[in-house]
Amino acid sequence: MFVRTYGAASRGVDVLPVSVELRSGRGIQFHVAGMSGSLARDAFLRIRGALQAGGWAWPREALTVSLSPGHASLHPEDLDLPLALVVLAQIGAIPPTTLPHLCSVGSLGLDGSLRGHPTGAHAALAAAEAGCRATLVPAEVLPASSGSGPDAPVYGARNLREVVDHLTGARPLPRWVHRAQAASAEPEVPLNRLHGDEHHLRGVLLAAAGEHHVLMLGSPGTGKSLSARALHGILPALDRAESQTLRRLHAAKGLIRPDPWEPPLRSPHAGSGVAALIGSRAGGRHQVDGGAAFLPGELSLAHRGLLILDELPEWSRPAMETLRIPLERGVVDLARAAGSIQLPARCLVAATANPCPCGYFMDAERRCRCTPAQVRNYLKRLSGPLIDRFPIHLETRVAPAPVNPEQWEWPTEAAAARALVQRVRQADRSNVPWTEAAESCLRQGMRRWRLSGRAQTSLRQVAETHALCLERHHVDEEDAAIALQYRVFDRAGWLESAWSAERPKHRG
């Protein structure tokens, strides 16, 4: 007897269809071609135990199963379900005609329960590639599913008995549908809780509206981390395509997002390395046709959301410098001898830093215990090319001037700020005209502070964002001047001017 069905093999962020074919003959052996001996023995024990728990006897025949492609999955136990289905078809428990157009994934327990890795929820992608008409996955990973087409439903089952009842028509499983987009949750840090001045609050809103990376420098306790987390509360909800992409990226790391429509928030520790930030190749013998399996890093897990890098100078130099291209291009290109991949990494990055080892170099009230050499060496950890890729620089203070609500024309409530950010992000920026006064202001600032060509591009983008926030369809001198105010830490002579006689408490 010959039976065929399909499973799905996860290779990091990729999901591949796996053809599962069974032929029976004389004998009592069970052999799986395309799976190592130890894995095949483990699968046999799990499948036999699940069949016995459901009341089915193991067939008294030799069973030869072929997996194509073989050795493909990072989680080979997810092929338990298709292996069990071809065995059940061989003993007549389910009609063999139901299997050729079915793709299924899941690991079986000895009691017949169905479990799985979150990547199994994306088996519908493999099913579409194989031409299958339906997909079966463990019910517990359904929230991570990226969905399916109208003619290829996805079903979730809790155990092997439910799968058999569904395929025989005794008790069909309900079709899984996408969770509707709910109202945005209350932000963890509301915007109106920030105690910054007008310049600071405007910078936070501009960073969110224009997707401009922001670098915050200030003494401990001045609200750097609080401002970074407030950014997350005003980011707009994800659309369907962004949500599906993020589900796949998070599932590759074994994560299920509780709210698929909320922008992700990632805040890795300063001790994280290069692989944690940009991703890495998965370990083990998991290759297909010479390719390698890759796992996403924090930059990709924060795609279309917020990545907070607290205490940036405390990160290792290789980890900091590996941010350069992702910050500029919004993608991560990983290349190894066995293969390469491009992962999305279009996230808003908010980095914080103290100005010196003790943290009080910019504090007018507390004494800084660092020498000028110590301050310079500490800030040298932030290279010029890295700072150049942050369009907005914010200097936080202990007691900023409070915002006057009567004169403040920018939103402070989360809903209004989120609406502003959404409107500006959707605006057409293809041809925003600049006045001659704005061009002149930009040229003067570039010459005075000797900024780079990349900084000029960033300044133009921030100025256009500011104009769009105020619902102007052109950039004038005020927009250019405000954009220049947010380029602080890469100005020529900034450190020398900060170390001035106006701060007598600093140790010489």
request  = Give me the angle, in degrees from 0 to 90, between the Cα long axis of helix 240-252 and the longest principal axis of the Cα atoms of the chain, rounded to the nearest 10.
outcome  = 70 degrees
message = What does the extension gain come out to for Glu311 and Arg472, with contour length at 0.36 nm per residue minus their alpha carbon separation?
response = 54.3 nm
query = Mean residue ellipticity at 222 nm from the helices of the chain, using -39,500 (n - 2.57) per DSSP H segment of n ≥ 4 over the full residue count, to the nearest 500 deg cm²/dmol?
reply = -9500 deg cm²/dmol
message = Can you compute the charge dipole magnitude of the chain about its Cα centre, using +1 on each Lys and Arg Cβ and -1 on each Asp and Glu Cβ, nothing else charged? Give it in debye, rounded to the nearest 20.
response = 1320 debye
Those GluC sites (Glu not before Pro) in region 405-488 that DSSP places in a loop and that have at most 10 other beta carbons within 10 Å = Glu406, Glu409, Glu471
key: Surrounding net charge for Arg46, when Lys and Arg each add one and Asp and Glu each subtract one, Cβ distance under 12 Å   = -2
task = Calculate one ³J(HN,Hα) per residue across region 129-139 by plugging θ = phi - 60° into the Karplus curve 6.51 cos²θ - 1.76 cosθ + 1.60, and present them in order as whole Hz with x for glycine and proline.
result = 5, 8, x, 7, 9, 7, 9, 10, 9, x, 4
inquiry  = Taking the beta-carbon count within 10 Å as an exposure proxy, list His473, His466, His122, His178 from fewest neighbours to most.
reply    = His473, His178, His466, His122
request  = Could you work out how far apart the two model spin labels at Trp58 and Asp239 are, taking each label as a point 7 Å from the Cα in the direction of the beta carbon, and quote it in nm?
outcome  = 5.3 nm
query = How many angstrom lie between the C-alpha centres of region 345-368 and region 25-68?
reply = 60 Å
ask   = How do Leu215, Leu191, Leu226 rank when sorted from fewest to most other Cβ atoms within 10 Å of their own Cβ?
value = Leu226, Leu191, Leu215
query = Counting DSSP beta bridges with both partners in region 2-168, what percentage is antiparallel, nearest 5?
reply = 60 percent
message = What percentages make up the Cα-Cα pair-distance distribution of region 298-409 when the bins are 10 Å wide from 0?
response = 12, 34, 28, 19, 6, 1, 0
inquiry  = Rounded to the nearest 20 debye, what is the charge dipole size of region 2-168 about its Cα centre when +1 sits on each Lys and Arg Cβ and -1 on each Asp and Glu Cβ?
reply    = 420 debye
request  = Calculate how many DSSP beta bridges within the chain are antiparallel, expressed in % of all such bridges and rounded to the nearest 5.
outcome  = 50 percent
Ratio of Rg to Rh over region 2-168 (Cα coordinates, Kirkwood Rh, two decimals) = 0.93
task = Net charge near Val86: determine it from the other residues with C-beta under 13 Å of the C-beta of Val86, scoring Lys and Arg +1 and Asp and Glu -1.
result = -1
Point-to-point label distance, Ser36-Ala337, nm (Cα→Cβ direction, 7 Å offset) = 1.9 nm
query = What is region 124-175 by shape, rounded, prolate or oblate, if you read a ≥ b ≥ c off the alpha carbon gyration tensor as root eigenvalues and call it rounded for a/c under 1.5, prolate for a/b larger than b/c, and oblate otherwise?
reply = oblate
request  = Sketch the reach of a paramagnetic label on Glu365 as a point 7 Å from Cα along Cα-to-Cβ, and name the residues of region 203-224 whose backbone nitrogen lies under 13 Å away.
outcome  = 219-223
ask   = Mean separation of Cα pairs under 8 Å and 6+ residues apart, divided by the residue count of region 2-168: what relative contact order is that in percent?
value = 25 percent
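Only the coordinates and a few stated rules stand behind these numbers; no lab work does. None of these values were measured; they are calculated from a predicted model. In this analysis, Cβ positions are derived from the backbone assuming ideal geometry, glycine residues included, and neighbour counts consider all displayed protein chains.
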